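Here's the structure we're looking at; comments come further down.
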Amino acid sequence: MNKSTVTIGIPAYNEEKNIAALLGSISSQKQSSYKLESIFIVCDGCVDKTVDIVKKLATKNTKIKLVVGNQRQGKAIALNKIYKLNKSDYLLTIDADIVLEDDNVIDLLVKAIKKDPKINIVGARHVPVNPQTLMGKFAYVSYLSFEDAFLKLNSGNNFYALMAVSLIKKELSKSFKYPKGTISDQNYLFAMATRNNKRGFGFVRNARVLFTPVNNFMDWRILGVRSVSGDKEDAVKHFGKDILNNYSMPKKLLIKSLVKWFFKSPIYTLGSIMMNLYVRLFPYNKVKPKDGKWELATSSKGIIKILN
């Protein structure tokens, strides 16, 4: 029986701290249901040691292919390059600041997308690494309490569940390009996958990846500009106001989740509520994106260690 083929694409901008950990977690995957053909790392004008690290790793793993851009053009342009390079049955795009939690993450994604022919794309579950700073703990609880709500919304098959990991059918990846200046590639991709088929996205709950939440006040403000308004404004720009219906989060679900987390962690839940209110009331407009390029929240860019 011939296995499905998979190409992995990683857009990267100054990811020297975590890129080796991510590639290490990829190399440990079982590949029982697929064959990995290539790993493309597109460095989008990196000015740190990302290129050097990838070059060194590529001498040990010939599947790793490095594409270097001389100047930063934004994630959407890097993704367009990856989409064009892909020749496999499926394309797996992964942000460079996460790691795969165990050795069967990609297998689970491939099995899920093959199981239902109506699905165009599947996404993994994102699990925050518990940080040590007070602000980081606020962000940690903020994410988990919101996740508690969106996992109950259409069983997780919604805009909020598609984040840094996307397994895409080749046909979909070859059917469009991200417009220059696209801010939210995940929202754009979700809209393309579901525009003619509401079942075009599938959430794979047991395929887990790890990420680091922001852990200082300034990075929370930077991230808030994007999550509060930037993503939605970008979606409206490309798909019209009707797309906002996909952002509808029932208040009842959100309140239930906040109450649940208040009893689990009252101090950090209150802190997360206060910070979320602050970034809405006092948006940090100095870091609004330009031509699809965001100000980096650097505190979420550290190395992620997998605990066995």
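The values are calculated or read from the model by the stated rules, or taken from the named source; none is laboratory data. Source: prediction; values computed, not measured. Ideal geometry is used to build each Cβ from the backbone, glycine not excepted, and the neighbour counts take in all protein chains shown. With ligands, DNA and RNA removed, areas are computed over all heavy atoms of the protein, side chains included. Shrake-Rupley method; radii C 1.70, N 1.55, O 1.52, S 1.80 Å.
Checked against a 25 Å cut-off, the cross-linked pairs Lys65/Lys237; Lys198/Lys286; Lys118/Lys177 give Cα-Cα distances beyond that limit for Lys65/Lys237; Lys198/Lys286. The Cα atoms of segment 10-152 cover 41, 40, 27 Å along the three principal axes, with the biggest extent listed first. Heavy-atom accessible surface of Glu295, to the nearest 10 Å², is about 110 Å², with a 1.4 Å probe and all protein chains retained.
How do 239-250, 182-193, 30-41, 216-227 rank on mean C-beta neighbours within 10 Å, highest first?
182-193, 216-227, 30-41, 239-250
Per-residue surface analysis assigns Leu254 an accessible area of about 60 Å², computed on protein heavy atoms at 1.4 Å probe radius.
The fraction of Cα-Cα pairs per 5 angstrom bin, counted from 0 for segment 179-308, comes to 2, 8, 13, 16, 21, 20, 13, 5, 1, 0 percent, rounded to whole percents. Beyond 34 Å, the tail of the calculated P(r) for the chain holds 17 percent of the Cα pairs. Using a probe of 1.4 Å on the protein chains alone, the accessible area found for Tyr268 is around 70 Å². Along its three principal directions, the equivalent ellipsoid of segment 143-210 from the Cα gyration tensor extends over semi-axes of 22, 14, 12 Å, largest first.
Under 15 Å of direct C-alpha separation, and excluding same-chain neighbours fewer than eight residues apart, Lys252 reaches these aspartates and glutamates: Glu147, Asp148. P(r) tail for segment 255-299: Cα pairs beyond 14 Å make up 65% of the total.
Shape analysis of segment 1-85 based on the Cα gyration tensor places the equivalent ellipsoid semi-axes at 23, 15, 10 Å, largest first. Here the average projected area of the convex hull drawn through the C-alpha atoms of segment 95-139 stands at 4.4 nm².
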